[in-house]
Amino acid sequence: MDIVRYTCEFHKKEQSKVLQEHKIVLYCPDCAKEHILSIIQTEDRLKEKYAQHHHEKIEKNRQRLIHQLLLSCLVAFYLQLTPWIFAPFFYDTQTIQQYVQAVGYTYRWMWTEAWMVLISSILLGLGIYYIQDAIRKIKKLPSLHSKRTYHKKKDQVHAVKRFQQSSRLKKAQIYIKKLHKRFIEEKTTIKPVELMTEYELILYYAKLIQHMAYKDVQIIVPSESFGVAIIAQQHGVRTAMMVCKEPEKLTPEMMNHFATGRAYYDCERAILMTPTTLCPDGKQFAEELHITCWNMKEKEEQLTYDESEAWKAYLDPYLIKHDQDLKQYAIYETHRLLETYEAT
């Protein structure tokens, strides 16, 4: 892929590229220091806020699981501990020895009653299950590290370095590669002119002239209107264009009609586009009417030969060239960062 380079006129340095929606912003790192610092500071504040929220969430989960662990222990061993609590209410326990004997009597009674054994086993099983569940989840919780101190001081050099090393520039390069792939596909998947309908030929030529620095290209419908098929501008000159698939069928009346169309659509130039060279008589008659004749096969070969210029012209509509200090991009990026961190 041919790399298209653009230079900052003020600093005489190569401009970098970042992606904004479906456009590529050209900027000079030296011109954009102030707004790059603003973007990095916003990113750091949001990261710190997110990290604090993340820590609080982990701590809440940890507390919840500790409560689950304690409650599970209570459920598991509730009936095992009740004899130590309720034995004094049913037996004489004036001495420690009597108290221990009373507890023993209570345990023997509990384990001879089938329903008590069943209840105790159920509670023990549930308790152990939730104890294991709590321990497993506590182990899976991320470790709470000390809070990271993010860059806050006004160090523009550091901010620019971070910005230039971020994924923003890589995303722009990936997008440019996709555009170049589409550019190559459009060039290689074109139907032969001989098999095109006249309308398909008009659309094809309309795309072709865009690679020749023509802008504001319009298709005139119906195309029979004075023979004008396309209107476009180049260097401020408005041009009417006629497309004729079969030059041998072109008549003087059709050329006169087209010359009238140039005036009707308020155009300064008129161009007759044909797939092959016009016959000498036809070319002479066109010159008398101040109509320029183009052999589009030759034009196409010229464009193919200078592919880098064609690619540059194809890429041009996707570029934002008026924001080299990133003032507008900083607003867009701030909103994008806010939406990203709010979503998380």
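The values are calculated or read from the model by the stated rules, or taken from the named source; none is laboratory data. Just so we're clear, the structure is a prediction, and the values are computed from it rather than from any experiment. So basically every Cβ, Gly included, is an ideal-geometry build from the backbone, and we count neighbours across all protein chains shown. Each accessible area value is taken on the protein alone, full model and side chains, heavy atoms only, with ligands, DNA and RNA left out. Shrake-Rupley method; radii C 1.70, N 1.55, O 1.52, S 1.80 Å.
Note on the chain: percent of Cα-Cα distances in each 20 Å bin, starting at 0 and stopping at the bin with the largest distance, equals 20, 27, 21, 15, 11, 6, 1. With equal scatterers on the alpha carbons only and no solvent term, can you work out the Debye log10 of I(q)/I(0) for the stretch 22-178 at 0.18 1/Å? Computed log10 I(q)/I(0) values: -1.06. Peptide packing for 131-143, 172-184 was compared via the average number of neighbouring C-beta atoms within 10 Å per residue; ordered from the highest value, the list is 172-184, 131-143.
Surface composition of the stretch 255-344: carbon plus sulfur atoms hold 50% of the accessible area, using a 1.4 angstrom probe and ignoring ligands, DNA and RNA. Candidates Q97, A87, H55 compared by Cα position along the dipole of the stretch 28-98: farthest toward the positive end lies A87, with charges placed on Cβ. As an equivalent ellipsoid, the stretch 24-68 spans semi-axes of 40, 9, 4 angstrom, where each value is the square root of five times an eigenvalue of the C-alpha gyration tensor, largest first. The residues of the chain expose, per residue, 64 Å² of accessible area to a 1.4 Å probe.
Over the stretch 185-336, with a single point scatterer placed on each C-alpha, what log10 of the ratio I(q)/I(0) does the Debye formula yield at q = 0.12, 0.18, 0.20, 0.21 1/Å? Here log10 of I(q) over I(0) equals -0.57, -1.08, -1.29, -1.39. Per residue, the convex hull spanned by the alpha carbons of the stretch 157-211 comes to 88 Å³. Computed from label points 7 Å out along Cα-Cβ, the spacing between H53 and K12 is 4.8 nm. Where both bridge residues fall in the chain, DSSP classifies roughly 55% of the beta bridges as antiparallel.
Structure note, pairs K161/K321; K249/K299; K12/K215; K245/K312; K181/K283: Cα-Cα distances above 32 angstrom occur for K181/K283. The listed residues Y130, Y199 rank as Y199, Y130 when sorted by accessible area, largest first, using a 1.4 Å probe. Compared with the dominant Cα axis of the chain, that is its longest principal axis, helix 114-140 is turned about 40°. With R₀ fixed at 45 Å, the C-beta to C-beta distance from K327 to T260 puts the FRET efficiency at about 0.40.
In terms of packing, defined here as the mean over residues of other Cβ atoms within 10 angstrom, the peptides 334-341, 211-218 line up highest first as 211-218, 334-341.
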